[in-house]
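*Asks:* So that we are looking at the same thing, I have put the structure below in structure tokens.
The values are calculated or read from the model by the stated rules, or taken from the named source; none is laboratory data. Being a predicted model, the structure only gives us computed values, none of them experimental. Ideal geometry is used to build each Cβ from the backbone, glycine not excepted, and the neighbour counts take in all protein chains shown. Protein only, heavy atoms only, side chains kept; ligands, DNA and RNA dropped before computing areas. Shrake-Rupley method; radii C 1.70, N 1.55, O 1.52, S 1.80 Å.
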Amino acid sequence: MKFNQLVSTLLLVIFPILLFSQRSPIRYGKLSKEEKAIEKTDLDLDANAIILCDFGEIAFKRGEITFSRHIRIKLLNKESFDEANIAIPYYIKEKKKERVEIIAQTLNINEQGKVKKTKIKEEDIFTVNVIDDLHEKRFTFPNVKPGSIIEYEYTVASNDYLSLEGWTFQNNLPTLKSHFNANIPSYLDYRIVLNGTRTSVKYGGKANDFWVLENLPPLEEEPHCPNPNDYVESIRFQLAGYKTQPRGAGTSIQYKAVLPTWEILAKEVLDLDSYKDVLDKKEKADSIVAKIITEEDSKRERIKKIYKYVQDSLEWNQEYRMFASKDFSEILKEKRVSSGEINLLLIRLLQSAGLEASPLATSTRSHGLVAEVYPLVSQFDQVLAHVNLYGKDLVIDASSKYLPYDLLSKENLTPLGYLLSKEKPRWVNAAYPAKAKNNILIDLKFEEDRQKCKVVYSFKGYDAAKYRQVFQEENGGDGFVTNHLVNNFEEQGLELDSFQVENLENLEMKFSVVCYFTKEMDEGVGAAFIYINPWIKKHIDKNPFRDEIRNLPIDFIVPNQESLTVNIQLPEEYELTETPESTNLATQGKKAIYKYFVNKTIPGKIQVISQLNIDDPFFNTNEYQAIQEFFSKLEMTQSSQLILKKK
């Protein structure tokens with residue numbers, strides 16, 4: 001049904017609207033004693049400003065929907081003055097015309113507690129055409145100073161029933177109160193998705209038309225949390241259908257679906273020209289595949305060969321796309337293309353090789369999680385290749401030149417993808433890779449006034465891909481080692497004598513780097529003491545979890561193991577002054593484990609072993625203190641050194 005037809009139909013529904021909304025907790029221009037007095041909040045002691053209250057409401061009136069918002073912010077210092085610059089987005093296009101009404105004022109409190117109001121004049125509000133149909137109303141609050149309170153109310157009126165405005169309880173500032181009303185008529189069937197722990201716990205499984213959360217910390221990026229928006233406290237709406245009663249005596253109420261099913265969506269996408277212009281080019285694909293594979297090749301061998309052909313033939317332009325803007329021939333001619341174009345061509349070639357290959361619609365980690373209740377193509381930003389290999393799901397992305405065929409990039413490791421098939425569409429759970437085991441082996445010996453050191457790095461999985469790429473970017477020069485494989489190269493006083501790499505091109509093998517270092521000693525062998533730093537390459541540069549409070553979960557994305565082994569040949573007449581204390585750390589459930597010990601059972605030799613295991617990469621906020629302490633102790637261990645004493 002076309003948009004304008006839908007709006008006309010919705011205006012004819014006859015059911016009454018029963019509204020029981022909550023009132024706004026604040027009145028325009030009226031401040032409480034607490035609002036006047038507040039100077040900081042425990043939600044964020046370093047905050048430059050505080051949202052005192054954020055109230056939103058959606059109301060349906062004949063012919064339009066109104067979204068109203070009233071927000072009040074206290075500015076605590078000069079650094080907060082950027083919050084006085086406001087931009088309110090809205091759209092003006094043929095089928096979606098919005099209008100905006102605004103009132104705003106600055107409130108300053110004097111020493112006697114009286115409030116001076118400075119109102120925003122209409123001529124101080126500017127309209128800006130941002131791009132295409134997107135416009136903004138912009139204005140700046142006048143007369144702001146530390147301690148000012150700014151507040152504004154605006155209403156956006158729209159005729160778009162399909163795109164109901166959602167609500168985000170959290171913002172970039174700490175929020176004391178966030179209230180939202182949605183006065184939805186009973187004849188409209190909106191799917192409501194609750195996001196965030198507090199929202200889901202408080203309102204999950206309940207029928208509500210108002211939602212209230214208080215004392216919300218700011219939404220900020222934190223280490224090892226790929227997409228904070230996946231955890232933001234928020235509500236989303238999508239119109240699924242509506243009830244109507246045709247004119248005439250004796251007619252019954254009918255339900256009209258607006259939202260398609262996932263099965264219908266899959267068929268609609270596959271029928272688009274952007275897919276057919278690639279996937280329907282069987283003859284061209286067949287001629288290419290005939291030159292790549294042989295009849296004797298197994299299914300897996302065919303996948304590997306075609307994957308390598310696509311990797312070598314095309315270059316990713318760093319754009320994630322679900323649709324192709326070029327046809328089959330244009331993709332091969334252009335060469336530098338989007339991820340969607342690379343993978344659609346890969347799918348076509350796999351099909352020509354006799355494999356059951358189909359497009360898999362996915363959302364990258366940066367784009368956000370997919371809600372299964374919303375059959376909307378806008379939830380996806382990427383298409384991957386899915387192959388039914390011996391009855392198991394194999395998901396492939398050929399946009400990286402450094403990953404093997406059976407390893408997706410971390411950005412593409414998301415829980416759900418939807419298989420675009422006209423016969424068997426379904427949800428696919430992407431399999432996460434097995435734990436990669438990386439090893440660093442160091443052999444250290446002494447020659448007169450020098451330490452001679454051989455280091456063998458062995459990387460697998462994501463680290464192998466990472467260092468293969470870095471090697472190419474450094475053009476195979478010494479900077480590859482000195483800038484990326486050694487912590488603080490110059491401070492350690494090392495000299496790189498030579499290095500070589502192994503398995504640079506074979507992506508399925510471990511990527512190895514063999515390095516030879518020399519370190520000049522101030523006094524050389526014969527000094528009373530010799531100091532040894534075994535940490536040429538540390539597990540972590542520094543503890544990433546230093547903040548006392550964390551509001552988002554920790555996600556290392558994939559399990560990982562890194563082992564460091566240092567074999568030291570002692571100079572004659574030297575011994576270890578003191579054996580360092582062993583370290584054994586483990587979080588609850590042994591999701592993360594760290595072991596460090598020094599072995600000196602063989603005369604004349606010392607062996608240092610350090611091993612870090614992340615077996616379960618996901619930690620909730622209630623586990624933060626434990627993981628913070630874990631990495632703090634790990635960092636402390638890495639600062640230790642060995643001391644040799646002449647006998």
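*Asks:* Of F471, F180, F81, which has the most accessible area with a 1.4 Å probe, and how do the rest follow in descending order? Intermediate values should be presented prior to the final figure.
*Replies:* Numbers: F471 25, F180 0, F81 60 Å².
Order by accessible area, largest first: F81, F471, F180.
*Asks:* Something else about it: Report the local net charge at I303: Lys and Arg +1, Asp and Glu -1, summed over other residues whose C-beta lies under 10 Å from its C-beta.
*Replies:* Residues close to I303 contribute a combined charge of +3.
*Asks:* Have a look at the DSSP beta bridges in the chain and tell me what percent are antiparallel, nearest 5.
*Replies:* 90
*Asks:* Whole-Hz Karplus ³J(HN,Hα) for the range 320-331, in order, using 6.51 cos²θ - 1.76 cosθ + 1.60 and θ = phi - 60°, x for Gly and Pro?
*Replies:* After applying 6.51 cos²θ - 1.76 cosθ + 1.60, I find 7, 9, 8, 10, 9, 9, 10, 8, 3, 5, 5, 4 Hz.
*Asks:* Give the distance, in whole Å, between the Cα centre of the range 134-176 and the Cα centre of the range 278-340.
*Replies:* Spelled out, the Cα-based centre of one part sits 47 Å from the other.
*Asks:* So what's the back-of-envelope 222 nm ellipticity for the chain, counting only DSSP H runs of four-plus at -39500 (n - 2.57) apiece and dividing by all residues, rounded to 500? Mind dumping the intermediate values first?
*Replies:* Working: 12 runs with 113 residues, N = 647.
So the helix-based figure for the chain works out to -5000 deg cm²/dmol.
*Asks:* Okay, next question. Over the heavy atoms of E57, what accessible area does a 1.4 Å probe trace out, to the nearest 10 Å²?
*Replies:* E57 has an accessible surface of roughly 50 Å² with all protein chains in place.
*Asks:* Please list, in order along the range 605-619, the HN-Hα scalar couplings obtained from phi with the Karplus expression 6.51 cos²θ - 1.76 cosθ + 1.60 (θ = phi - 60°), rounded to whole Hz, x for Gly and Pro.
*Replies:* Couplings: 9, 10, 10, 9, 10, 9, 9, 10, 10, 10, 7, 10, x, 10, 10 Hz.
*Asks:* What distance in nm separates the two pseudo spin-label positions at S632 and Q492, each 7 Å out from Cα along the beta-carbon direction?
*Replies:* Those two pseudo-labels are separated by 2.7 nm.
*Asks:* When only Cα pairs under 8 Å and 6 or more residues apart are kept, what is the percent relative contact order across the chain?
*Replies:* Relative contact order comes out at 9 percent.
*Asks:* For D286 and K445, calculate 0.36 nm times their separation in residues minus their Cα-Cα distance, and state this gained length in nm to one decimal.
*Replies:* Once the chain is fully extended between D286 and K445, it gains 51.3 nm.
*Asks:* Also, I was wondering about something else. List the residues whose amide H sits under 5 Å from the amide H of D160, counting only those 5 or more places along or on another chain, with H placed 1.01 Å from N in the peptide plane.
*Replies:* I65
*Asks:* At 0.36 nm per residue, minus the direct Cα-Cα distance, what do V456 and K114 gain on full extension? Give it in nm, one decimal, please.
*Replies:* Here the segment from V456 to K114 would lengthen by 115.9 nm.
*Asks:* Please arrange F139, F489 by accessible surface area, largest first, computed with a 1.4 Å probe and ligands excluded.
*Replies:* If we order F139, F489 from most to least accessible, we get F489, F139.
*Asks:* Taking Cα pairs under 8 Å and at least six residues apart, what relative contact order does the range 107-234 come out at, in percent?
*Replies:* Working: 135 pairs, mean separation 30.4, N = 128.
Once normalised by length, the contact order is 24 percent.
*Asks:* Which net charge results when you count Lys and Arg as +1 and Asp and Glu as -1 among the other residues whose beta-carbon is under 11 Å from that of D443?
*Replies:* Numbers: positive: K445, K452, K454, K605; negative: none.
Summing Lys and Arg as +1 and Asp and Glu as -1 gives +4.
*Asks:* How much accessible surface does S352 have with a 1.4 Å probe, in Å² rounded to 10?
*Replies:* 30
*Asks:* So which aspartates and glutamates can K600 reach, going by Cα to Cα under 17 Å and dropping same-chain residues fewer than 8 places off?
*Replies:* Cross-link targets: D443, E572, E573, E575, E578, E581.
*Asks:* For E79, tell me the accessible area in Å² from a 1.4 Å probe, rounded to the nearest 10.
*Replies:* 130
*Asks:* May I pose another question? Pull out the extension gain between H484 and N143, defined as 0.36 nm times the separation in residues minus the alpha carbon to alpha carbon distance; nm, one decimal.
*Replies:* Roughly 117.7 nm would be gained on extension.
*Asks:* With θ set to phi - 60°, apply the Karplus curve 6.51 cos²θ - 1.76 cosθ + 1.60 along the range 189-200 and write out the HN-Hα couplings as whole Hz, x wherever there is a Gly or Pro.
*Replies:* 9, 9, 7, 10, 10, 9, 10, x, 5, 5, 4, 5
*Asks:* Run the dipole for the range 232-379 about the Cα centre, Lys and Arg Cβ at +1, Asp and Glu Cβ at -1, nothing else charged, and hand back the magnitude in debye, nearest 20.
*Replies:* It works out to roughly 260 debye.
*Asks:* Largest first, how would W427, W262 line up by accessible area (1.4 Å probe)?
*Replies:* On the way: W427 60, W262 25 Å².
Putting W427, W262 in descending order of accessible area: W427, W262.
*Asks:* Modelling each spin label as a point 7 Å along the Cα-to-Cβ direction, I'd like the E372/A207 distance in nm, to one decimal.
*Replies:* 2.4
*Asks:* Oh, and also: Counting Lys and Arg as +1 and Asp and Glu as -1, each charge on the Cβ, what is the dipole of the chain about the Cα centre in debye, to the nearest 20?
*Replies:* 2300
*Asks:* What accessible area per residue, rounded to a whole number of Å², is obtained for the range 506-581 using a probe radius of 1.4 Å?
*Replies:* Accessible area per residue, the range 506-581: 50 Å².
*Asks:* Now, a different point. Give me the net charge of H224's neighbourhood, meaning all other residues with Cβ under 11 Å from the Cβ of H224; Lys, Arg count +1, Asp, Glu -1.
*Replies:* It works out to a net charge of -2.
*Asks:* Still on this model: Go through K445/K537; K256/K422; K40/K145; K437/K510; K33/K116; K276/K326 and tell me which ones have a Cα-Cα distance over 20 Å in this structure.
*Replies:* K256/K422
*Asks:* Here is a follow-up. Could you tell me which of F141, P260, L612 has its Cα farthest along the dipole of the chain towards the positive end, charges placed at Cβ (Lys, Arg +1; Asp, Glu -1), taken about the Cα centre?
*Replies:* Of the candidates, P260 comes out farthest on the positive side.
*Asks:* Return the loop-located trypsin sites (Lys or Arg not before Pro) in the range 77-166 (DSSP other than H, G, I, E, B) with at most 10 other Cβ atoms within 10 Å of their own Cβ; answer none if there are none.
*Replies:* K114, K121
*Asks:* Separate question: Rounded, prolate or oblate: which fits the range 444-555 when a ≥ b ≥ c are the square roots of the eigenvalues of the alpha-carbon gyration tensor, with rounded for a/c under 1.5 and prolate only if a/b beats b/c?
*Replies:* Oblate shape, in that a/c is at least 1.5 and b/c is the bigger or equal ratio.
*Asks:* If I model a spin label at N77 and I92 as a point 7 Å from the Cα along the Cα→Cβ vector, what separation in nanometres do I get?
*Replies:* A separation of 4.1 nm, rounded to one decimal place.
*Asks:* Continuing with the same structure: Using alpha-carbon pairs under 8 Å, 6+ residues apart, how would you state the relative contact order of the range 39-172 in percent? Don't skip to the answer; put the middle values down first.
*Replies:* Working: 263 pairs, mean separation 42.9, N = 134.
Reported as a whole number, the value is 32 percent.
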